[in-house]
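What follows is a short report on a single structure.
The values are calculated or read from the model by the stated rules, or taken from the named source; none is laboratory data. Treat the numbers as computed from the prediction; the structure is a model and nothing was measured. Cβ: placed from backbone, ideal geometry, glycine included. Neighbour counts: every protein chain shown. We work out accessible area using only protein heavy atoms, side chains counted, and drop any ligands, DNA or RNA first. Shrake-Rupley method; radii C 1.70, N 1.55, O 1.52, S 1.80 Å.
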Amino acid sequence: MKTTRLTLICHGLTLAQKRGYFAKPEDTLVSVPHCSQLQGGFQLLTAPEQRAQQTALALGEAMITSELADCDMGLWQGLPLKRLQAEQPLALADWLRNPASEVHGGESFQTLCQRMSAWLEDFDQPGEWFAVTHPMVMRAVLVQVLGCPMTAGQRIDVLPLSRIELSFSGQWRLRINYPQNASL
């Protein structure tokens, strides 16, 4: 059985992230990241949102994959977090506590976790893969791979351009790399 290596990359910084707003599909990057092009022998996937595609473009040519789409935040798309704290504190608290909450009229974190679980289960492509996606998607993947409670997703910070490395050889595993030039 040939191993699959999958590196999830969070899109670059957006103005919405910088200002504390929930994202909209058309959000763009503050600036295009200076990423070195990935060297051959890999496949590059990207979520359909513009911010993910802009980040992927800095890495190489990518295939758009709808399964990597950001969590649909429904009526909260484009709204500042501070406004929700002031105007809808109970709804926001419910969403933060309850992975099944759909108070915003969009996709719950539970549904996103199920979507990512199905995607990982169906991802049977051996070789080296990179996928540009979103913080919520990366949280959902970590929850699934580690088998932890969905409430743990709220305790994971995913910064712009951060990476999660996974490998698959019978089961998905989190892969923690030791930097080649590091010293203790």
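Brief remarks follow.
- Whichever residue in region 41-59 is of a type outside the set (D, E, K, R) and assigned to a loop (DSSP other than H, G, I, E, B) and, among such residues, is nearest to the chain's Cα centre (by Cα): ALA47
- Matching residues in region 130-175 - criterion: being out of contact with any strand residue (DSSP E or B) (no Cβ under 9 Å at 6 or more places or on another chain) and small (Gly, Ala, Ser): ALA140, GLY147, ALA152, GLY153, GLY170
- Where a residue in region 95-108 is in contact (Cβ under 8 Å) with a residue 24 or more places away in the chain and its partner, wherever it lies, is open to solvent by 30 Å² or more (accessible area, probe 1.4 Å) and acidic (Asp, Glu), with Cβ under 6 Å and at least six apart: GLY106/ASP72; GLU107/ASP72
- Every pair of residues 6+ apart whose Cβ atoms lie under 6 Å, when the first sits in region 17-34 and is on the phi > 0 side of the Ramachandran plot while the second is at pLDDT 95 or above: GLY20/PRO80; GLY20/LEU81
- Output for region 109-138, where each listed residue is outside any helix (DSSP H, G or I) and of a type outside the set (Val, Ile, Thr): PHE123, ASP124, GLN125, PRO126, GLY127, GLU128, TRP129, PHE130, ALA131, HIS134
- Pairs, first on the phi < 0 side of the Ramachandran plot and surrounded by 12 or more Cβ atoms within 10 Å (Cβ to Cβ) in region 116-129, second outside any strand (DSSP E or B) and of a type outside the set (Gly, Ala, Ser), C-beta under 6 Å, six or more apart: MET116/VAL141; MET116/GLN144; SER117/GLN144; TRP119/GLU67; PRO126/LYS2
- Residue count, region 60-76 (criterion: assigned to a helix (DSSP H, G or I), in contact (Cβ under 8 Å) with a residue 40 or more places away in the chain and open to solvent by less than 30 Å² (accessible area, probe 1.4 Å)): 2
- Members of region 1-35 that are of a type in the set (Ser, Thr, Tyr), surrounded by 15 or more Cβ atoms within 10 Å (Cβ to Cβ) and touching a Phe, Trp or Tyr at 6+ places or on another chain (Cβ under 8 Å): THR4, THR7
- Filtered residue count, region 89-108, keeping only those that are open to solvent by 60 Å² or more (accessible area, probe 1.4 Å) and assigned to a helix (DSSP H, G or I): 4
- The listed residue being over 21 Å from LEU159 (Cβ atoms) and touching a Lys or Arg at 6+ places or on another chain (Cβ under 9 Å), out of GLU67, GLU87: GLU67
- Residue satisfying all of: in region 139-150; open to solvent by 20 Å² or more (accessible area, probe 1.4 Å) and either hydrophobic (A, V, I, L, M, F, W, C) or assigned to a helix (DSSP H, G or I) (or both); farthest from PRO48 (Cα to Cα) among these: CYS148
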